[in-house]
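Visitor: Sharing a structure, written as structure tokens. Questions coming.
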Amino acid sequence: MNPVSRRFLIAALVAAPAGVSPAVAQVVLFDTINAASASSHSLPAVGYWVAGSFSTDASSTSIVDVQVVAKKGTNPTGTFSVSLWSDSSLKPGIKLYDVGSKVDSSLSAALSTQDFSGLSLAVNPSTRYWIVLSDSVANGSEVGYINAAPISGETLASTTTSGAIWNVWVYNGQMSVTAVPEPATEAAVVAGALVSFGAYRLLRKRA
């Protein structure tokens, strides 16, 4: 399969400030999880990795949940791993965090969402990052992809050298990114609400 047409299914990266409930004021930054023409592509060698980029917004401070779509491969004897990387000139730069991993044999025979929750991965606002998928054995797992037009300028990349050299294509991973406002933003909203409520009570007393 031509790597230019590969777009793997990466889902639901939830960005939230540390110490703030992710249930507050969630904003979906990027979402292609339900894009059409989904299929799968194996990771045919130990050093063959795929990656998809996403960009945080002006208030993103911490990623708390990552979901990717994958299934077991023809040799499910290893470990499927997910990591978060920085960006370097529209290519994955350096690994920042190990998001999580799953034993290949625990993956479903069909593409399904693999959830890595309870995270607290500090990120910078308005910055591009990469989710990298790899496996400890050849053909231990397969990841989803779609054949479609580029979405929002994000990018798909692959490597056969364990990240030493990346091949970049103008496609997206299929993913969803959700964020909540930074603490200062939330504090301003709360303060504004309190001021408004105080003014309302004062007007009621005068009436």
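Visitor: Collect the residues in the range 41-72 that are small (Gly, Ala, Ser) and buried (at least 24 other Cβ atoms within 10 Å of the Cβ), keeping them in residue-number order.
Guide: Listed by number, the residues that qualify are Ala51, Gly52, Ser53, Ser60, Ala70.
Visitor: Give me the strands (runs of 3 or more DSSP E) completely within the range 61-168, filtered to those with at least 2 residues that are among the hydroxyl-bearing types (Ser, Thr, Tyr), at pLDDT below 90 and out of contact with any Asp or Glu (no Cβ under 9 Å at 6 or more places or on another chain), ordered by residue number.
Guide: Hits in the range 61-168: 112-116.
Visitor: Then there is this: Filter the range 169-180 down to the residues that are of a type in the set (Val, Ile, Thr) and surrounded by fewer than 22 Cβ atoms within 10 Å (Cβ to Cβ), then identify the one that is modelled with the highest pLDDT.
Guide: Thr178
The values are calculated or read from the model by the stated rules, or taken from the named source; none is laboratory data. If you're wondering where the values come from, they're calculated on a predicted model, not measured in any experiment. Quick reminder, even Gly has a Cβ in these numbers, built from the backbone with ideal geometry, and neighbours come from all protein chains shown.
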